[in-house]
Amino acid sequence: MSGPAPLIVEPPAGGFDRAGIRTIVKDIGLAKAVHGLVRAPFGHTVLSLRMLDAVITGADLALHAGEALHAALLEDIARTGTLAIPEPTRDQRLFIGAFTVTALCDALIVALAGLAPSPDVTSDLDAAGLESLLEQPPRAVIERLLAMAGRYLEIQAKHHASAGAPDVDERARWTATTMHAFIAQLRGAVERLTHLGRLRPFGVALAQRKVVIGERRYEGFRSRALAESVCDLKPVRVDDIVGNREYVEAGLRLARDVAAYDLRRRKSPKTINPVLFGLGRPGCGKTITAHAIGNYFLEFCRQHDIPARFRVIRRTDWASSYQNASASTLIKIFKEEVYGFDGVCGVYWPDIDTAFASRASGQLRSEEKSNLGAVFGIFDGTLIPRDGKWFMMCDANYMQMDEATVSRIAQNPFTVRGPTSAEDYITLLRDILLRDVRDSVSPADEAGWAEVGKTLVEADLSGRQVESVAGNIRAHVQDFEYPARYFKADFEGRAKIIAELSRVVSTQDVLARIAAYTEFQRQAEEREAAERFEREVAQMVEQLNAGRAATARAAAELERAITSAEE
């Protein structure tokens with residue numbers, strides 16, 4: 001059975017009916033209100049005209065978005081098979097009105113931000129009477145909102161000196177910024193109704209349909225620009241991962257299980273453990289594996305038209321907060337951005353062990369206790385349900401957490417080793433990291449590459465260290481002076497010139513660079529070990545001297561006490 005038909009509203013050149021919207025703007029008094037505030041010599045300034053044009057364009061798009069949603073809803077109702085004329089319920093009319101306003105606000109917030117300074121909005125509009133507004137047909141909703149905008153400008157002008165500034169440009173900027181404030185506050189009021197109120201189920205249902213309004217893609221009532229990335233993942237594929245097959249397969253299976261979540265019934269057909277924990281040394285490929293699985297998850301959902309997002313938890317997201325605020329930030333991320341999203345969601349939390357201090361010391365600060373409570377709620381299912389709507393990959397370099405934390409996080413643990421065999425190392429170095437210059441690194445010398453793989457296994461380099469070796473090899477291959485013809489060639493021509501002038505590197509050269517890198521690493525490790533030993537010895541001597549001094553002071557005090565007693 002096919003899913004719901006996509007809802008795509010693409011305005012033609014000149015819009016749908018901008019002339020009709022312009023008439024509404026004039027008839028309801030918005031143009032007159034702006035004219036009265038700006039008071040330019042010729043009625044309007046360039047800025048005020050651009051602001052009104054943005055309002056007309058946004059309202060034209062929003063009106064047709066609302067009408068298109070109304071038509072789609074009537075089609076869904078008609079599929080019941082009855083011959084009665086379909087009539088939306090009150091909640092369905094509210095849904096159409098809320099989406100119309102959302103589309104208007106999203107379009108205007110972007111447009112007005114490009115015209116004048118954005119306002120500092122700290123509250124939403126009073127929701128009283130909002131539902132009676134939204135249950136009107138889309139055109140009536142647009143008319144009433146634009147009339148409200150004009151009255152809002154006139155009321156705010158009575159309380160702000162900038163509205164009556166002597167400079168006409170300042171008055172125009174204030175008008176545009178105040179219009180932006182009205183739209184932003186309106187967006188917040190509608191968002192409360194659609195995400196926390198009675199219309200939330202409609203948002204979940206809408207998320208199952210592909211919805212594109214103008215230049216924005218909607219996932220429920222939330223939208224993003226079509227050109228905007230839905231995540232901050234590195235452009236890496238599963239095929240680029242070498243080693244860690246068990247960990248990769250577990251992640252892919254978990255991603256598919258979450259994609260299978262039933263958004264309409266709000267439950268998963270399978271019972272899954274949403275947390276995948278990886279433990280491995282630095283550079284073994286934990287991060288790149290998580291990013292590859294995240295990209296796979298998003299592409300899999302895109303192919304099946306499932307609304308999805310992937311969130312990377314960075315330390316700066318929460319650790320830079322004031323005391324006791326970091327836990328609140330974590331809770332907000334998981335409640336609003338992960339579980340509150342009208343679709344399925346993946347999460348990657350790298351180095352999760354750094355977020356949680358061990359309770360074994362008995363010296364936990366209040367902030368650390370709050371962090372532990374937050375993460376326990378995430379993994380126990382007491383903060384957000386473990387119902388298959390989300391999954392999380394997390395990892396650590398070392399197991400530095402106490403038993404209670406480990407028992408919650410490491411419920412599905414994997415040891416991540418990275419490349420381990422000679423074949424793994426050859427694939428990583430030659431076929432992936434050096435694939436852009438592979439023709440210059442003796443691809444036909446299989447015996448030589450076998451020796452390279454054997455050497456890398458003996459050196460026990462991590463994937464990150466092999467990447468450093470590859471970077472040195474690539475720099476040597478492409479170390480040449482640019483000829484004058486290079487700067488006159490197009491991109492394809494420049495690529496050919498680079499291929500012609502690139503140096504050829506033998507497998508013996510590769511072995512020599514691996515040996516140089518491992519020797520540098522050995523010396524660095526020996527220096528670090530020697531410095532660590534010296535620090536530890538210095539600390540021991542300092543502690544010993546402090547103990548001797550304390551003993552001497554105690555003996556002196558005892559002697560003085562005895563002398564005083566004898567006297």
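The values are calculated or read from the model by the stated rules, or taken from the named source; none is laboratory data. The model shown is predicted, which means the values in this text are computed figures rather than measured ones. Positions of Cβ are backbone-derived with ideal geometry, glycine not excepted, and every protein chain shown enters the neighbour counts.
Of 263, 233, all but one fail to be closer than 30 Å to residue 427 by Cβ and hydrophobic (A, V, I, L, M, F, W, C); the exception is 233. State which residue is surrounded by the fewest Cβ atoms within 10 Å (Cβ to Cβ) when the search covers only the range 426-446 and only residues that are touching a residue at least 24 places away in the same chain (Cβ under 8 Å), part of a helix (DSSP H, G or I) and more than 30 Å from the chain's Cα centre (by Cα). Across the range 426-446, the extreme among qualifying residues is 439. Does residue 65 fit the bill of being buried (at least 20 other Cβ atoms within 10 Å of the Cβ), of a type outside the set (Ser, Thr, Tyr) and in the same structural domain as residue 176 (by TED's automatic domain parsing)? For residue 65, the condition - buried (at least 20 other Cβ atoms within 10 Å of the Cβ), of a type outside the set (Ser, Thr, Tyr) and in the same structural domain as residue 176 (by TED's automatic domain parsing) - is met.
Only one of the numbered conditions (1) part of a strand (DSSP E or B); (2) under 20 Å from residue 512 (Cα atoms) is not met by residue 450, and that is (1). If only residues of the range 124-153 that are among the charged types (D, E, K, R) and modelled with pLDDT under 90 are counted, the one that is surrounded by the fewest Cβ atoms within 10 Å (Cβ to Cβ) is 126. Within the range 65-82, does at least one residue satisfy the condition of being closer than 19 Å to residue 144 by Cβ, part of a helix (DSSP H, G or I), modelled with pLDDT of 90 or more and touching a Leu at 6+ places or on another chain (Cβ under 6 Å)? No, the conditions are met nowhere in the range 65-82. Of all residues assigned to the range 464-478, none qualifies as being of a type outside the set (Val, Ile, Thr), more than 39 Å from the chain's Cα centre (by Cα) and on the phi < 0 side of the Ramachandran plot.
Taking helices (runs of 4 or more DSSP H) as the structural unit, those lying wholly within the range 460-567 and holding at least 3 residues that are among the polar types (S, T, N, Q) and surrounded by fewer than 12 Cβ atoms within 10 Å (Cβ to Cβ) correspond to 507-566. For residue 216, the stated conditions hold: it is farther than 27 Å from residue 421 by Cβ, in contact (Cβ under 8 Å) with a residue 12 or more places away in the chain and surrounded by 15 or more Cβ atoms within 10 Å (Cβ to Cβ). Among the residues of the range 120-164, those that are touching a residue at least 24 places away in the same chain (Cβ under 8 Å), over 19 Å from residue 28 (Cα atoms) and in contact with a Phe, Trp or Tyr (Cβ under 9 Å, 6 or more places away or on another chain) comprise 125, 163.
Could you please let me know if residue 117 is touching a helix residue (DSSP H, G or I) at 6+ places or on another chain (Cβ under 9 Å), at pLDDT 85 or above and assigned to a loop (DSSP other than H, G, I, E, B)? Yes: the conditions hold for residue 117.
Is it fair to say residue 396 is modelled with pLDDT under 60 and buried (at least 18 other Cβ atoms within 10 Å of the Cβ)?
No.
Could you tell me whether any residue of the range 245-257 is touching a residue at least 12 places away in the same chain (Cβ under 8 Å), in contact with an Asp or Glu (Cβ under 9 Å, 6 or more places away or on another chain) and not aliphatic (A, V, I, L, M)? Taking every residue of the range 245-257 in turn, none turns out to be touching a residue at least 12 places away in the same chain (Cβ under 8 Å), in contact with an Asp or Glu (Cβ under 9 Å, 6 or more places away or on another chain) and not aliphatic (A, V, I, L, M).
Have a look at 409, 378 and point out the one that is within 31 Å of the chain's Cα centre (by Cα), at pLDDT below 70 and crowded, with 19+ Cβ neighbours inside 10 Å.
409
Of the set (1) outside the structural domain of residue 55 (by TED's automatic domain parsing); (2) modelled with pLDDT of 90 or more; (3) not aromatic (Phe, Trp, Tyr), all apply to residue 233 but (2). Of the helices (runs of 4 or more DSSP H) lying entirely inside the range 136-235, the ones with 1 or more residues being over 23 Å from residue 111 (Cα atoms) and in contact with a strand residue (DSSP E or B) (Cβ under 8 Å, 6 or more places away or on another chain) are found at 200-206.
For residue 161, the test of being loosely packed, with under 13 Cβ neighbours inside 10 Å and farther than 20 Å from residue 211 by Cα is passed. When residue 221 is tested against (1) at pLDDT 85 or above; (2) under 22 Å from the mean Cα position of the chain (by Cα); (3) of a type in the set (Phe, Trp, Tyr), exactly one condition is not met: (1).
Would you say residue 241 is buried (at least 20 other Cβ atoms within 10 Å of the Cβ), closer than 21 Å to residue 97 by Cβ and β-branched (Val, Ile, Thr)? It is false that residue 241 is buried (at least 20 other Cβ atoms within 10 Å of the Cβ), closer than 21 Å to residue 97 by Cβ and β-branched (Val, Ile, Thr).
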